[in-house]
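Reviewing the structure listed below.
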Amino acid sequence: MKIGIDCRLWNETGVGRYIRNLVLNLQKLDKKNEYILFALSKDKGEILKQVQNDKFKAIETNIRWHTIEEQVKFPAILNRENLDLMHFPYFSVPIFYNQSFVVTIHDLIQNHYSSGNASTLPFPFYFLKKIGYQKVLNHAVSKSKKIIVPLYFVKEDLVKTLKVPENKIVVTQEGFDLNIKKGKVSESVLKSSQDPYFFYVGNAFPHKNLEKLIEGINSIKSKAKLLLVGKEDFFYKRLKKQSNQNLIFLHDVTDSDLFYLYSNSLAVVSASLMEGFGLVPLEALSAGTVPVVSDIPSFREVCGDLAIYFNPKDSDDIAEKLMKALNLKDSEREEIRKKAEMWIKKFSWEKMAKETLEVYEDSIGL
């Protein structure tokens with residue numbers, strides 16, 4: 001079987017982490033099938049260094065996602081490889097690609113929380129982009145052999161929102177990187193984390209609800225800061241304009257820095273209105289830290305009873321739960337740590353790759 005995987009987002013956050021762990025685990029698990037990895041030229045060398053399986057081949061594909069070029073030129077590149085199956089690990093499937101494929105849908109956040117506030121485009125262009133998104137998503141969902149999702153909550157959302165048949169959707173829960181603990185911590189991180197702090201990591205898109213989280217931080221009677229880590233884009237720059245002495249911003253931190261910040265925080269926090277998986281609270285639990293997060297289905301599925309939950313639309317409730325975390329006894333924190341050691345074993349990138357390989361095999365001939 002000849003399988004293609006779209007790896008153009010290899011070095012991006014979020015989906016990139018999913019792609020990297022999928023490919024690196026597949027190349028250990030599967031010695032039978034042939035794989036074609038479609039990657040940007042800047043990533044091809046790194047991919048070939050990490051993949052130690054002769055059945056994996058990388059093809060330079062310098063086409064950006066969400067472009068006309070992706071829709072028009074990418075299908076021709078794919079068709080030249082005579083694939084038995086193509087895996088798009090992101091909803092951005094070319095509408096002119098009509099061969100067999102599976103797709104991973106990580107979430108439907110844009111369907112539920114999409115607005116002009118989440119875009120840097122002028123509204124008319126944003127509106128056209130929104131129409132394009134819906135057309136591409138509908139094609140991906142309707143024409144795919146199987147749809148892979150990271151949580152049962154996302155499966156239920158696809159069934160309810162897009163009327164997808166349940167038997168077409170396969171849940172493959174994601175994992176977390178154990179090697180996040182290794183390495184040296186940077187001086188900037190050590191300096192920024194001297195005072196007690198709550199820790200947030202992620203982007204500043206509107207559905208992340210950071211303004212409400214900041215309201216909660218500002219209203220508690222504590223010297224604790226909120227330390228935020230994320231890419232310094234338009235949304236973070238806009239957030240910084242509302243900054244005060246309670247907020248600390250960091251960008252471009254390493255995995256070693258992240259583990260240090262997780263493990264030395266009072267709690268890892270998120271006020272998201274919706275998430276596709278919830279990798280951050282899972283990483284927090286693996287670092288022995290308590291997550292204080294929104295009471296939403298994805299976080300419930302990932303954290304079980306090991307998190308402190310709040311109403312993300314109520315800053316008073318956020319403040320109350322932050323204080324609860326602040327006042328946890330050492331014995332209570334230790335109990336959560338012990339339970340987390342067992343809980344996180346169910347989340348594994350290797351298990352995800354095995355289940356994805358089963359999806360490939362099941363999809364041939366459908």
Next item on the list: Take SER144 and decide whether it is more than 23 Å from GLY288 (Cβ to Cβ), of a type in the set (Ser, Thr, Tyr) and surrounded by 19 or more Cβ atoms within 10 Å (Cβ to Cβ).
Entry: yes
Note to self: Can you pull out every residue in the range 235-292 that is β-branched (Val, Ile, Thr) and closer than 28 Å to ASP330 by Cα?
What the structure shows: ILE248, VAL268, VAL269, VAL280, THR289, VAL290, VAL292
Note to self: Testing LEU9 on (1) in contact with a helix residue (DSSP H, G or I) (Cβ under 8 Å, 6 or more places away or on another chain); (2) more than 21 Å from GLU174 (Cα to Cα), one condition comes back false. Which one is that?
What the structure shows: (2)
Margin query: Just to be sure before I move on: is SER315 touching a Gly at 6+ places or on another chain (Cβ under 8 Å), more than 18 Å from PHE153 (Cβ to Cβ) and among the polar types (S, T, N, Q) in the structure I sent?
Written below: yes
Checklist line | Any pair with Cβ under 7 angstrom, 6 or more apart, that starts in the range 84-110 at a residue that is under 20 Å from GLU275 (Cα atoms) and ends at one that is among the β-branched types (Val, Ile, Thr) and in a loop (DSSP other than H, G, I, E, B) | finding: PHE91/ILE105; VAL103/VAL93
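Give, as residue ranges, the helices (runs of 4 or more DSSP H) completely inside the range 9-75 that count at least 3 residues that are in the same structural domain as VAL93 (by TED's automatic domain parsing) and over 30 Å from GLY278 (Cβ atoms).
Details: elements: 15-29, 41-50, 68-72.
Where helices (runs of 4 or more DSSP H) fall fully within the range 9-75 and carry at least 3 residues being in the same structural domain as VAL93 (by TED's automatic domain parsing) and over 30 Å from GLY278 (Cβ atoms), they are 41-50, 68-72.
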Notebook entry, point to check: Does GLN50 fit the bill of being under 30 Å from GLN110 (Cα atoms) and out of contact with any strand residue (DSSP E or B) (no Cβ under 7 Å at 6 or more places or on another chain)?
Noted result: no
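Would you pick out the residues in the range 157-166 that are part of a helix (DSSP H, G or I), without any contact (Cβ under 8 Å) to a residue 24 or more places away in the chain and of a type outside the set (Val, Ile, Thr)? Please lay out each step first, then the result.
Step one: list which residues in the range 157-166 are part of a helix (DSSP H, G or I), which gives 157-162, 166.
Then drop every residue that is not without any contact (Cβ under 8 Å) to a residue 24 or more places away in the chain, which leaves 159-160, 166.
LYS160, GLU166, listed by residue number.
Check LYS313, LYS346 and return the single one that is modelled with pLDDT of 95 or more and surrounded by fewer than 15 Cβ atoms within 10 Å (Cβ to Cβ).
Working: LYS346 fails: modelled with pLDDT of 95 or more.
That would be LYS313, the only listed residue that is modelled with pLDDT of 95 or more and surrounded by fewer than 15 Cβ atoms within 10 Å (Cβ to Cβ).
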Next item on the list: Please work out which residue is farthest from VAL149 (Cα to Cα), limiting yourself to the range 67-124 and to residues that are at pLDDT 95 or above and of a type in the set (Gly, Ala, Ser).
Entry: ALA76
Margin query: Cβ contacts < 7 Å: first residue in the same structural domain as LYS237 (by TED's automatic domain parsing) and among the small types (Gly, Ala, Ser), restricted to the range 197-210; second residue part of a helix (DSSP H, G or I) and at pLDDT 90 or above, any location; separation 6+ or different chain. Result?
Written below: GLY202/LYS208; GLY202/VAL280; ALA204/LEU210
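Which of the residues that make up the range 167-192 are assigned to a helix (DSSP H, G or I) and either at pLDDT below 90 or of a type outside the set (A, V, I, L, M) (or both)? First the steps, then the outcome.
Going through the range 167-192, the residues assigned to a helix (DSSP H, G or I) turn out to be 167-168, 178-181, 187-192.
Answer for the range 167-192, where residues must be assigned to a helix (DSSP H, G or I) and either at pLDDT below 90 or of a type outside the set (A, V, I, L, M) (or both): ASN167, LYS168, LEU178, ASN179, ILE180, LYS181, GLU187, SER188, LYS191, SER192.
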Checklist line | Residue in the range 226-271 that is modelled with the highest pLDDT, counting only those that are more than 15 Å from PRO206 (Cα to Cα), in contact with a Gly (Cβ under 8 Å, 6 or more places away or on another chain) and among the polar types (S, T, N, Q) | finding: SER263
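Scan the helices (runs of 4 or more DSSP H) fully inside the range 252-366 and keep the ones with 1 or more residues being touching a His at 6+ places or on another chain (Cβ under 9 Å) and within 23 Å of VAL149 (Cα to Cα).
On the way: elements: 255-263, 279-286, 297-303, 315-326, 330-343, 349-363.
Answer list for the range 252-366: 349-363.
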Next item on the list: Return yes when VAL290 is in contact with a helix residue (DSSP H, G or I) (Cβ under 7 Å, 6 or more places away or on another chain), under 21 Å from ASN203 (Cβ atoms), crowded, with 18+ Cβ neighbours inside 10 Å and at pLDDT 95 or above and no when it is not.
Entry: no
Next item on the list: Among the residues of the range 73-83, write down those that are touching a residue at least 12 places away in the same chain (Cβ under 8 Å) and either under 13 Å from THR356 (Cβ atoms) or out of contact with any Gly (no Cβ under 9 Å at 6 or more places or on another chain) (or both).
Entry: PHE74, PRO75, ILE77, ASN79, ASN82
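Evaluate the following for LEU26: is it surrounded by 15 or more Cβ atoms within 10 Å (Cβ to Cβ), out of contact with any Asp or Glu (no Cβ under 8 Å at 6 or more places or on another chain) and in contact (Cβ under 8 Å) with a residue 24 or more places away in the chain? Can you show your working first?
Values: surrounded by 15 or more Cβ atoms within 10 Å (Cβ to Cβ): yes; out of contact with any Asp or Glu (no Cβ under 8 Å at 6 or more places or on another chain): yes; in contact (Cβ under 8 Å) with a residue 24 or more places away in the chain: yes.
Yes; evaluated as a whole, the condition is true for this residue.
The values are calculated or read from the model by the stated rules, or taken from the named source; none is laboratory data. These numbers come from a predicted model, not from an experiment. Backbone-built Cβ (ideal geometry, glycine too); neighbour counts: all protein chains shown.
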